[in-house]
Protein chains: 2
Amino acid sequence: MTTRWLSPDEQRAWRAYIAASLLLEDAIDRQLQQDAGMPHLYYSILSVLSESPERRLRMTDLAERLKITRSRLTYAVTRLEKDGMLRREACRYDKRGSIAALTDEGFAVLERAAPGHVETVRGFLFDRLSEEQVGQLEEISAAIAQGLQEDGTRPAADDVPWRRRSSSSCS
Amino acid sequence: MTTRWLSPDEQRAWRAYIAASLLLEDAIDRQLQQDAGMPHLYYSILSVLSESPERRLRMTDLAERLKITRSRLTYAVTRLEKDGMLRREACRYDKRGSIAALTDEGFAVLERAAPGHVETVRGFLFDRLSEEQVGQLEEISAAIAQGLQEDGTRPAADDVPWRRRSSSSCS
DNA sequence: AGGCCTTGGTTCAAGTTTGAAACAAAACTA
DNA sequence: TAGTTTTGTTTCAAACTTGAACCAAGGCCT
């Protein structure tokens, strides 16, 4: 089959999107690196933990929410643990499991960094978009994410009638 | 001043966006790594070069178009040169300058990889969006990028009445 | 010409990401 | 229950990114 190339509109959208996402991630990484001494992903880890029940989550669940590989998470958590931002705990119900628990210090760091981070996100993103566009951005993002999450390299989709396990809290 | 936190709508949009951009870049990187043996950025370098006059561009111009640091580009170009995808040439008019020139082999690799790449972008992005949304995505991205490009850490903005130099072709 | 600031690129070390492999503990299955 | 497969996590080496430092060379003064 001959390739369906991108239309000029699609080309422009694609390039604009690539540029914007690169620039935005860079700006946010730099801000957080400066003000909190950690890149965006690491901040997000603390943030997700802070909103979880008892401020703790199993590694796999954490990785799933952040859309990153377990291996990447392991590395990040090791660093954050070294820095005292969180602690690893064993899972009582599943001896394989390991739980990342936010420490008080981690929470404090998060609280101190949050205002600056929000300012940045606002300044570079939301202040530049209309309310309408915010809605559009969410819908577009959701559509993209959905397509990419239908279980990664799935087995044809009609092969798995039930939905994936929701979570495995533990603790 | 007390922080203006994100509204629920903004929160959702932000999280959806982060997830989508992570997932999308990952998917594209994986596809290109598989089919062309290089990550997305490296492919983009070849792609930009292929569309430039004489298929060559100065390092700084290349970095500017791709929105990456010169140092990152240096590393990437070194790898691509080692792989024979491009060649570095001296700049005749500016002895500091160095020009990246796509080789025939690089062009060939690009041509072979392009269809698969476009399929992927289409499958994960454009096939999931309405025509309208494509337009919205472009506008949103452009707005974001614009805000982030007003000359990085600029000197107060009212300090530089003229616009930055456009380019420095050479060769 | 002689200084001095800027620009174009690279280098280097430290930090991060990737993907495959290794392990150990569940969960099945025969 | 032993054997096999799956799941949860880490480990390791190779590749990549970051940011600061460095080295020319070009531009501007005076």
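The values are calculated or read from the model by the stated rules, or taken from the named source; none is laboratory data. Here the structure is a predicted model, which means the values were calculated and not measured. Every residue, glycine as well, gets a Cβ built from its backbone with ideal geometry; the counts of neighbours run over all protein chains shown. Just so you know, the surface numbers come from the protein's heavy atoms only, side chains and all, with ligands and any DNA or RNA stripped out. Shrake-Rupley method; radii C 1.70, N 1.55, O 1.52, S 1.80 Å.
Within the range B:1-17, which residues are open to solvent by 60 Å² or more (accessible area, probe 1.4 Å) and in a loop (DSSP other than H, G, I, E, B)? Before you say what the answer is, go through the steps one by one.
In the first step, residues of the range B:1-17 are kept if they are open to solvent by 60 Å² or more (accessible area, probe 1.4 Å); the result is B:1-2, B:4-5, B:8-9, B:11-12, B:15.
If the condition is that a residue be open to solvent by 60 Å² or more (accessible area, probe 1.4 Å) and in a loop (DSSP other than H, G, I, E, B), then B:MET1, B:THR2, B:ARG4, B:TRP5 are the ones that fit.
Screening A:GLN34 on (1) at pLDDT 95 or above; (2) within 21 Å of B:LEU24 (Cα to Cα) shows it passes everything except condition (2). Do we have any residue at all in the range A:125-141 that's more than 10 Å from DNA strand C (Cβ to nearest atom) and more than 26 Å from B:SER7 (Cβ to Cβ)? Looking for residues that are more than 10 Å from DNA strand C (Cβ to nearest atom) and more than 26 Å from B:SER7 (Cβ to Cβ), one finds none in the range A:125-141, hence no.
Within the range A:74-95, the set of residues being away from DNA strand C (no atom under 12 Å from the Cβ) and either under 22 Å from B:ALA19 (Cβ atoms) or within 14 Å of another protein chain (Cβ to nearest Cβ) (or both) comprises just one member, A:LEU86.
So which of A:SER98, A:SER52, A:SER71, A:SER47 is within 11 Å of chain B (Cβ to nearest Cβ) and among the hydroxyl-bearing types (Ser, Thr, Tyr)? Criteria check complete, one pass: A:SER47.
Taking into account only those residues within the range B:59-74 that are closer than 14 Å to B:SER98 by Cβ and more than 10 Å from DNA strand D (Cβ to nearest atom), which is surrounded by the fewest Cβ atoms within 10 Å (Cβ to Cβ)? Spell out the reasoning first.
Initial filter on the range B:59-74 (closer than 14 Å to B:SER98 by Cβ): B:59-63, B:70-71, B:73-74.
Still in the running and more than 10 Å from DNA strand D (Cβ to nearest atom): B:59-63.
Details: B:MET59: 17, B:THR60: 15, B:ASP61: 20, B:LEU62: 22, B:ALA63: 20.
Going through the qualifying residues, I end up with B:THR60.
Among residues that are within 30 Å of A:PHE124 (Cβ to Cβ), open to solvent by less than 60 Å² (accessible area, probe 1.4 Å), modelled with pLDDT of 95 or more and away from DNA strand D (no atom under 16 Å from the Cβ), B:ALA143 is included.
Residues in the range B:91-108 that are open to solvent by 70 Å² or more (accessible area, probe 1.4 Å) and either farther than 16 Å from B:LEU49 by Cα or hydroxyl-bearing (Ser, Thr, Tyr) (or both): B:ARG92, B:TYR93, B:LYS95, B:ARG96. Scanning for something open to solvent by 30 Å² or more (accessible area, probe 1.4 Å), within 11 Å of chain B (Cβ to nearest Cβ) and among the β-branched types (Val, Ile, Thr), does the range A:23-40 turn up at least one residue? Checked the range A:23-40: no residue is open to solvent by 30 Å² or more (accessible area, probe 1.4 Å), within 11 Å of chain B (Cβ to nearest Cβ) and among the β-branched types (Val, Ile, Thr).
Test B:ALA20 against the stated conditions and say whether it is at the interface with another protein chain (Cβ under 9 Å from one of its Cβ atoms), within 16 Å of DNA strand C (Cβ to nearest atom), small (Gly, Ala, Ser) and open to solvent by less than 50 Å² (accessible area, probe 1.4 Å). Reasoning before the result, please.
Numbers: at the interface with another protein chain (Cβ under 9 Å from one of its Cβ atoms): yes; within 16 Å of DNA strand C (Cβ to nearest atom): yes; small (Gly, Ala, Ser): yes; open to solvent by less than 50 Å² (accessible area, probe 1.4 Å): yes.
In short, yes.
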